[in-house]
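Some notes on the structure that comes next.
None of the figures in this text is laboratory data; all of them are computed from the coordinates on show. This one's a predicted model, so the numbers in the text were calculated from it and none came from an experiment. For neighbour counting, all protein chains shown are included, and Cβ atoms are generated from backbone atoms with ideal geometry for every residue, glycine included.
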Amino acid sequence: MYVYVIGSMEPGPVKIGWSSHPAVRLKQLQTGYPHKLHLLYQHAGPRELEGVLHREFTGLRTHGEWFDFGAADPVSQIEEAASAYTRERSRHIEIRTDRAVLRGLWKLRLSLGARDILDQLAAMHDPDGVVEVTPDQLGEYLAAPPATIRHALADLDRAHLAWKLSHGRYQLNPTYGYRHGERNYEDLVKRMGPTLRYRKIPL
């Protein structure tokens, strides 16, 4: 998910919004808009960041999610505010060890299918915690019908244990797939910091 800034290349109001597909949102906004719009900026982060930016620039709001920065560069100001938010959140990030996750896994009420798929993903992931496998392949491994696989993957996504990146590619949460001190763990957690804050396992 991304916070995005959409606006014209000329001075004027810009929209600060939040979407999983900012480019698609750009096309939607362009319909009926008199000037050519551009995706000026995007920053991966939770919806909370959108609210932080809206409050930060509330004095510049024209209407809804549109803000007028006048002659100033909106992107540099928004980028600075978003970076400050990310740095502050990084100081408070709470990452659970895999042992703590394993102890509390029962609390998530995962289906048997979800537990089976989680075991498969934990055994198959690459150094970045990514697994290349399709739902059909998972169904073959587990001898399970498509509906079971579909519901199981939804369970894992809801619990932030694993989620779909694109067709046939899934991200395993490294706080489940790795142990503290294990090779790649610290670097991976650092690189995925903003995502893991959003994808915190609800235990």
Given a Förster radius of 25 Å and the C-beta distance between residue 55 and residue 87 as r, what FRET efficiency does 1/(1 + (r/R0)^6) yield to the nearest 0.05?
0.90
Residue 186/residue 9 FRET efficiency (R0 35 Å; Cβ-Cβ; nearest 0.05):
0.30
Angle, helix 47-56 long axis vs. longest principal axis of the chain, Cα atoms, 0 to 90°, nearest 10?
20 degrees
Quick one: order 1, 124 by neighbouring beta-carbon count within 10 Å, fewest to most.
124, 1
Over the alpha carbons of the range 1-153, what is the largest minus smallest coordinate on each principal axis, giving the biggest first in Å?
60, 38, 27
For an R0 of 41 angstrom, estimate the FRET efficiency from the Cβ-Cβ distance between residue 65 and residue 130 and round to the nearest 0.05.
0.80
Could you tell me whether the range 1-73 comes out rounded, prolate or oblate from its Cα gyration tensor? Rule is a ≥ b ≥ c as square roots of the eigenvalues, rounded for a/c under 1.5, then prolate if a/b exceeds b/c, otherwise oblate.
oblate
Setting aside same-chain residues fewer than 8 positions from residue 36, which lysines have a Cα under 21 Å from its Cα?
15, 27
0 to 90° range, to nearest 10: angle between helix 74-91 axis and the chain longest Cα axis:
30 degrees
Residues whose modelled amide H sits under 5 Å from the amide H of residue 41, counting only those 5 or more places away in sequence or on another chain, are 5
Going by C-beta contacts inside 10 Å, put 165, 153 in order with the fewest on the left.
165, 153
Kindly express, to the nearest 10 degrees and within the range 0 to 90, the angle between helix 112-124's C-alpha long axis and the longest C-alpha principal axis of the chain.
80 degrees
